Structure formats: C-alpha cells, structure tokens
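Report on one structure; see the data block that follows.
The values are calculated or read from the model by the stated rules, or taken from the named source; none is laboratory data. Since this is a predicted model, take the numbers as computed values, not measurements. All Cβ positions, even for glycine, are placed from backbone atoms using ideal geometry, and neighbour counts span all protein chains on display.
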Amino acid sequence: METPNCALCAVVTKALSLRLTRQLLDYAKDEKHTLEVLLYLRDEEGAFDFSFRSIGLDGIAMKMPQSISRIFYAPGDFVLRIASQDLRKSSVFNQFMPAKSARILKNSSCDITSMKHHLQTCIDHHGETCERTRHTMRLLPGSASDLHRLPINLRFIDVENDQVVSAPTNCSYVALSYVWVQSKEARPTTLTTTSLRAFREPQGLPMSRLPQTILDAITVCQKLGERYLWVDASCIIQDDEEDRAAQIAEMDKIYSLAKVTLVAACGKDPSQGLSCLRFRDPPQATCEIDGISYVACETSVRQSLHQTPWHSRGWTYQEFILSRRLIFFTSFQVFYMCAAGTCTEDTTYHDPENLHKSDSGTRYDSDIRRHPSEWDLVSIGIEGSAWKLYNEIIESYTKRQLTYQTDTLFAISGILKVFSRYCDDTFIYGIPVKLFNCALLWQPLGALQRNHMWPSWSWAGWTGAVCNLATDAIHWTTRGNVFVSALQNLTFSMPTGAETAIERLELDTVKPWFLYEYGLDPTPTLMERKPDKPFLEGRYLNFESRAIFLSIIPVPRDKASFSSSSRASSLHKYHIFDGDNWVGTMLLSQEYAASYPTALHQCEFIQISNCNVAIDQMNNEIFNNIFDASSSRKHPDVFDQKFFQWARDVNNFQIQERLREASRRDKSAEGAGISDSNANDGLQASPARIWISHVMRIERKDGIAYRIAIGVIHQFSLKWYDVKITLG
C-alpha cells in the first residue's frame with residue numbers, strides 16, 4: 001500500500017501491516033476510489049480512534065465490500081495515542097491527564113519490568129478475582145484443599161541451578177504454553193528415563209541443546225523473580241507412558257495453580273523463541289507531527305493472536321482457559337492478561353488506582369477467552385449455564401488442530417474435569433452423562449472427517465468444528481427438560497466387555513448444569529468438595545428406541561436457505577421425505593455429501609429425543625440459528641410449511657375452545673348470582689407449538705450402527721418401529 005508524503009497515513013499503513021491480506025492490497029490498488037482515514041478523539045482514553053471511508057472518483061463515499069470493511073473496522077484493534085513525554089505539548093491534553101498514553105518501545109528488546117509491575121499490581125490489589133484457581137469453579141474456602149495442592153510427582157526447572165527438581169510443597173512457579181512442532185529436527189530436547197538422572201544434577205540441564213523458546217522462558221522467569229518453571233518437554237518423562245498419563249491427567253491443576261503462564265504466541269516452533277525479547281516484527285508504528293510523537297497502540301490481543309500457530313493448536317486451548325494470569329509474547333510486543341483486564345506493553349496507565357478495580361482495563365474478547373464471571377458460575381448471577389458454556393467451549397476447541405488425533409480428549413481433559421467437579425457429573429468420550437441425549441445432538445459446522453480412535457456418536461470421533469443444536473434449548477425448570485429422551489435402557493460396553501447402565505437421573509441432580517437460569521440459586525451441596533469422578537470408556541452404546549426408513553434428497557446449493565449469519569453455510573442440506581411428504585432436514589459435510597450426490601431411499605433413522613416447542617422460537621432455540629427464517633417463510637426452512645399452518649390452526653382451535661368454555665362458566669356464574677372478575681385470567685393467546693424429533697442417520701456394519709448425521713423431523717403420522725441399537 002503506497003501512501004503520500006503524510007506521516008499520519010504512513011503510521012496507519014504501518015499499523016495495518018499485520019492485517020494486510022492480498023484481497024485488501026488489491027482493493028487498495030484500485031484507482032476507482034481513494035481510501036480516507038479519519039480520526040476522532042476518545043477523551044478519557046487519551047486516544048484517537050481510526051475510521052475509514054472509501055471515496056469514489058466523483059467525491060462521493062462508496063460502500064466498502066464486507067470482507068474489506070471487516071478488516072478496517074475490527075473493533076478495538078488499535079488506536080493512535082500521544083507519546084507520554086509529549087502529552088503537555090498537545091493542545092488537547094495540556095489541561096488534563098488522560099487515563100492512558102503511549103510508550104515508545106525499543107525495537108531491540110521488550111520491557112519485562114512493566115509486566116512484572118502488572119503482575120505484582122494484580123497480586124496486591126485484585127484479590128480473589130484473580131488469585132482464585134480456575135480449575136475449581138469457586139468452591140467454598142477449605143472445601144477443596146486437595147485441589148489446591150500440587151500434583152504428586154510434579155517436576156520443575158530450577159532456573160537458579162539449571163536443573164530439574166521435584167516440586168517443593170506449595171511453591172510459587174511459572175508455566176509455559178507454547179507450540180510443539182511436527183519436524184523431529186525442531187523438537188525440543190526432552191526429559192526421558194535416560195536423561196532424568198543427569199537433568200536432576202545442578203547445572204545438569206543441557207542449556208546448549210534447549211530450544212530458544214525454553215531458554216527465553218527461563219530468562220523471563222528469572223527477571224520476574226521466580227525460581228521454578230514448568231515446561232512439559234523438560235518436566236514430563238516423555239518416554240514413560242505411566243508418567244505422561246499421570247501428568248496429563250493433572251493439566252487442570254498445573255496451569256491453574258501457576259502464578260502466571262508465559263505464552264509463546266510468536267513463531268511456529270520452539271526454535272524461534274520469544275522473539276520480541278530481541279527484535280520486534282513489525283517495528284512499532286510511530287510518527288511525528290508538529291513536534292508531537294504519535295504511536296499506533298494495540299488495544300486487544302485478539303488480532304495479534306488470531307493468526308498465530310499457538311492460537312490454532314488444540315493443546316494450548318485449555319492452557320489458556322485454565323491459567324489465572326497470562327503474559328503473551330507476540331512478535332511485536334507483550335500483553336499482560338488477568339481476570340481484571342488486559343495491559344499492553346505499548347501503553348502507560350496514568351490512573352493506577354483504576355487498574356486495581358476489576359471493572360477497568362480492556363475486557364476479554366468473547367472469541368478469545370470466556371469472561372471469568374461466566375466461568376465462575378456460582379459466584380455471580382448471569383444469564384447462562386454450565387451447559388451453554390460447555391457447548392461453546394467444545395465449539396471453540398474443535399476449531400483447533402491437533403497433530404495426533406489420539407490427543408483429542410487428552411488435550412481438553414483438564415476443562416472437562418472442571419465441569420465434572422462443578423456439575424457432579426462424569427463424561428463418556430467427552431459427552432456428559434447427565435445430559436447424554438442432548439449432548440448427542442452436536443452438528444458439524446464445516447469439513448468433518450472420521451477419527452476412528454473414538455466412537456462415531458461422540459464429537460471426539462470426528463475431526464472438524466462442531467456446535468450443538470440444543471445449546472439454547474435445554475433449560476432446567478420445575479417441569480423438567482424441554483427435550484425428552486427417546487433412548488430407553490441406555491448402557492455402554494466397558495473395555496472389559498461388561499455393560500454399565502447410564503441411570504435415569506432426578507432433576508435436582510441435573511440442576512448444577514443450569515444454575516442462574518430462571519433465578520435458581522446454588523444449593524450448599526453444590527459447594528461441597530466431592531471426589532473427582534473418573535471419565536468412563538465405553539465404545540459401544542446399547543439402547544432401545546424407535547426407528548424409521550425415510551428418503552433423503554440433496555438440496556441445490558443455491559436453494560439451501562441458510563441464514564445470512566449461519567455458521568454452517570458450507571454444509572450440504574438434505575430434505576428428508578416420508579413418501580411424498582417433506583418431513584425434515586439434515587446437514588452433511590462436503591466429504592460425506594459426496595457419497596450421496598442423488599436421492600437415496602431406505603435410509604435408516606433412529607429417534608434420539610422429542611420436543612414440543614413454540615414455532616416462533618424454533619430457529620433460535622432448536623436449530624441454533626443455522627437455518628433461514630426469512631420474513632417470507634416466517635419459519636425455518638426445515639420441513640413443509642403446511643406443518644406450521646397445522647400447528648397454528650390447532651392452537652387457534654384450542655384458544656377458541658378455552659374462550660367458549662370460559663363463556664359458559666361466566667353464564668353459569670351469572671345465573672347463580674356469582675361475579676368473578678378474575679375468571680378469565682390466563683386466557684390470553686399462547687404461541688402455537690409443534691412436535692419435532694431429533695433423529696440420527698445411521699449406517700450398519702457387522703451388526704453395529706454408526707452415526708452419519710443428526711436430522712430434525714416433524715412427527716407427522718410416521719410409522720416408527722421399535723428397535724434395539726448398538727451404536728459404535
């Protein structure tokens with residue numbers, strides 16, 4: 001992007017360099033328009049926000065393509081601040097001191113001292129907001145003392161003596177989150193059964209053979225005044241399966257109990273180190289206008305992390321979620337993050353008292369990390385539930401990549417253990433037992449490939465992003481769950497061959513998944529420490545349900561009718577027919593759709609759950625806003641619109657019947673000389689409701705059924721038959 005001889009344009013262009021794409025560059029070269037940069041003052045912040053406008057040859061503003069405007073208007077990416085030393089020179093800020101100003105950074109090093117200051121400020125002033133461990137979801141003090149003890153056989157790098165040591169009792173330590181790599185040449189020197197004895201000796205750590213990222217982490221740990229550092233490659237015996245399994249099982253504690261986690265969010269492998277310790281790429285964007293220095297300052301870690309390999313990896317997700325404090329090392333600067341907010345290296349904060357308040361600073365971005373108040377469910381009343389949070393976390397996690405598909409469940413086991421503790425539940429291959437039939441309703445969001453390491457009915461049995469159709473539909477109420485399971489006598493086969501029943505649970509035992517819905521309060525029993533429930537393994541599900549054979553017909557892509565904001569627009573849509581009646585819809589990923597290019601008859605579906613739902617809430621609650629609900633249709637395009645009309649007709653008839661019955665009661669009361677002004681209360685029109693079923697498309701092989709897709713059908717005079725299923 002070329003800029004005229006304008007210092008301001010130059011600094012904007014430089015600040016945008018991290019976001020430049022080929023599409024944006026091509027747009028900027030188009031001679032049919034000129035890109036104008038506008039600034040407007042945010043007084044209290046001491047910052048100028050950027051605004052962009054495309055001007056055509058006729059001097060009239062043009063509408064930018066959405067793909068371009070999304071880059072320019074990404075919220076909170078960067079602002080223009082005046083350098084701290086020049087504040088008094090500015091006519092804007094010479095009368096008052098803004099909350100923040102810019103720091104001009106050295107290109108050859110980063111400022112660990114400021115990060116140490118932010119860390120100490122957090123420890124001194126943020127209290128329980130940041131100090132509490134994130135793997136307990138706020139249990140009563142003293143009720144979970146075992147959860148606050150370091151795991152057995154934990155090891156640390158002693159950065160003072162360059163050796164690996166057993167973890168001292170209740171010691172303070174720093175953890176490292178970084179990306180392992182695929183090539184053997186770039187992998188870090190690891191702790192093995194052979195090297196363990198040598199690593200334990202003072203100066204026994206082979207510093208010359210450690211990758212730069214670990215060496216840099218040791219340096220930062222020393223500068224922070226901490227003695228112990230946890231790094232998986234150096235603290236887990238990599239060729240001892242028993243030690244690896246034991247340490248992986250404690251990942252929730254390891255990152256949650258760390259004083260702070262260092263995040264290597266720069267570079268694609270450990271050999272590149274925490275690069276901004278030595279140089280910044282790109283250098284800080286600054287300019288000088290009328291003797292005043294201006295700096296383009298980052299206000300969020302979101303864009304900085306989004307394109308990094310670290311942000312795309314599966315293992316780093318729970319490391320991020322479970323850490324109570326983090327220091328991010330990007331290629332161009334350092335960010336400090338805690339539960340109170342985010343501080344950036346390029347910003348000076350002039351109101352230190354304001355930093356001590358939990359409602360100050362830059363909030364976490366929703367697509368980066370769940371806000372602590374939502375993770376800490378029993379500490380504050382919110383609109384949400386553990387069930388909704390679970391589904392959002394699974395969706396975020398499945399968008400990431402793993403080198404080895406055998407790690408699918410291990411890399412999120414720490415987070416699942418938190419849900420298990422809080423909800424007094426256990427998991428079977430990532431599926432919560434208490435909401436088993438609801439959790440089976442996961443739906444692909446794009447490309448999906450089978451991972452035969454895990455059963456087909458679990459999201460873990462597939463590689464690709466998924467969401468759950470029941471995320472917003474499942475609520476705890478006095479009348480029970482809105483979804484009624486169609487699975488009877490549900491058991492799973494243990495690896496030993498024995499069958500274990502998934503017992504039917506009382507509503508109160510499900511309640512922890514739905515606290516703070518409808519004003520429910522936590523009960524004391526939920527705050528008590530209970531033993532961790534082991535995760536269960538049972539590859540085959542056995543149950544009784546109902547089944548039916550139906551036809552599927554692919555819908556042309558131009559007629560698929562996804563909503564404009566649908567996250568599943570890359571999927572292929574199939575209509576489900578019972579004879580000539582269009583009774584439902586299912587979605588397939590491109591890979592599986594290739595196997596069904598034309599209509600297919602005699603497809604077997606099994607019933608998973610039934611639901612009676614208000615038709616005006618279907619797209620929002622039942623379909624997770626995947627399908628189109630345009631004004632022309634008024635309802636999701638999932639089965640014949642006549643079914644919606646039938647539901648409205650039945651609803652109108654029921655309303656009229658209630659009104660006629662009320663009229664008869666009124667006349668009887670008048671004849672008896674009785675007057676009741678409240679007799680017709682509650683007769684106002686209620687929304688029309690419709691009965692639907694979630695069904696699973698299955699295929700059988702050697703007597704075992706395997707999941708292909710989840711569909712939704714209307715319960716229209718269908719000829720079900722009873723069936724016993726073994727689902728693998």
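Tabulated data for the structure shown
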| item | result |
| --- | --- |
| Filter result (in contact with a Leu (Cβ under 9 Å, 6 or more places away or on another chain) and at pLDDT below 95) within the range 670-703 | ASN680, LEU683, SER693, HIS694 |
| Conditions (1) at pLDDT 85 or above; (2) surrounded by 19 or more Cβ atoms within 10 Å (Cβ to Cβ); number of the one not met by PRO206 | (2) |
| Selection from the range 196-238 of residues that are touching a Phe, Trp or Tyr at 6+ places or on another chain (Cβ under 6 Å) and among the hydroxyl-bearing types (Ser, Thr, Tyr) | THR213, TYR228 |
| So ILE152, is it surrounded by fewer than 20 Cβ atoms within 10 Å (Cβ to Cβ), at pLDDT 85 or above and in a helix (DSSP H, G or I) | no |
| Qualifying residue in the range 437-445 (condition: crowded, with 20+ Cβ neighbours inside 10 Å, modelled with pLDDT under 90 and not in a loop (DSSP other than H, G, I, E, B)) | yes |
| Filter result (in a helix (DSSP H, G or I), under 14 Å from GLY461 (Cα atoms) and of a type in the set (A, V, I, L, M, F, W, C)) within the range 384-406 | ILE394 |
| Filter result for VAL231 (within 16 Å of THR316 (Cβ to Cβ) and of a type in the set (Val, Ile, Thr)) | yes |
| All positions within the range 446-465 that are assigned to a helix (DSSP H, G or I) and hydroxyl-bearing (Ser, Thr, Tyr) | none |
| Given (1) modelled with pLDDT of 90 or more; (2) crowded, with 22+ Cβ neighbours inside 10 Å; (3) aromatic (Phe, Trp, Tyr), index of the condition TRP454 fails | (2) |
| SER545 over 27 Å from the mean Cα position of the chain (by Cα), part of a strand (DSSP E or B) and among the polar types (S, T, N, Q) | yes |
| The range 548-579 - residue that is assigned to a strand (DSSP E or B) and hydrophobic (A, V, I, L, M, F, W, C) and, of those, modelled with the lowest pLDDT | PHE562 |
| Hey, GLU250 at pLDDT below 95, within 20 Å of SER172 (Cα to Cα) and not polar (S, T, N, Q) or not | yes |
| Residues being surrounded by fewer than 22 Cβ atoms within 10 Å (Cβ to Cβ) and part of a helix (DSSP H, G or I) - total across the range 423-435 | 2 |
| Index of the failed condition, THR347 passing every other in (1) surrounded by 24 or more Cβ atoms within 10 Å (Cβ to Cβ); (2) closer than 19 Å to ALA217 by Cβ | (2) |
| Test: residue in the range 490-510 that is outside any helix (DSSP H, G or I), of a type in the set (A, V, I, L, M), at pLDDT 85 or above and under 30 Å from LYS719 (Cβ atoms) | yes |
| Listing of strands (runs of 3 or more DSSP E) fully contained in the range 3-112 that carry 2 or more residues being at pLDDT 70 or above and surrounded by fewer than 18 Cβ atoms within 10 Å (Cβ to Cβ) | 33-42, 47-56 |
| Residue satisfying all of: in the range 184-203; buried (at least 21 other Cβ atoms within 10 Å of the Cβ) and under 33 Å from the mean Cα position of the chain (by Cα); farthest from LEU257 (Cα to Cα) among these | PRO188 |
| Evaluation of ARG313 against (1) in the same structural domain as THR169 (by TED's automatic domain parsing); (2) farther than 20 Å from VAL181 by Cβ (one fails), failing number | (2) |
| Residue ranges of strands (runs of 3 or more DSSP E) in the range 221-324 with at least 3 members free of Cβ contacts under 8 Å to residues at least 12 places away in the same chain | none |
| Residues that are within 22 Å of the chain's Cα centre (by Cα) and of a type in the set (A, V, I, L, M), drawn from the range 245-257 | ILE248, ALA249, MET251, ILE254, LEU257 |
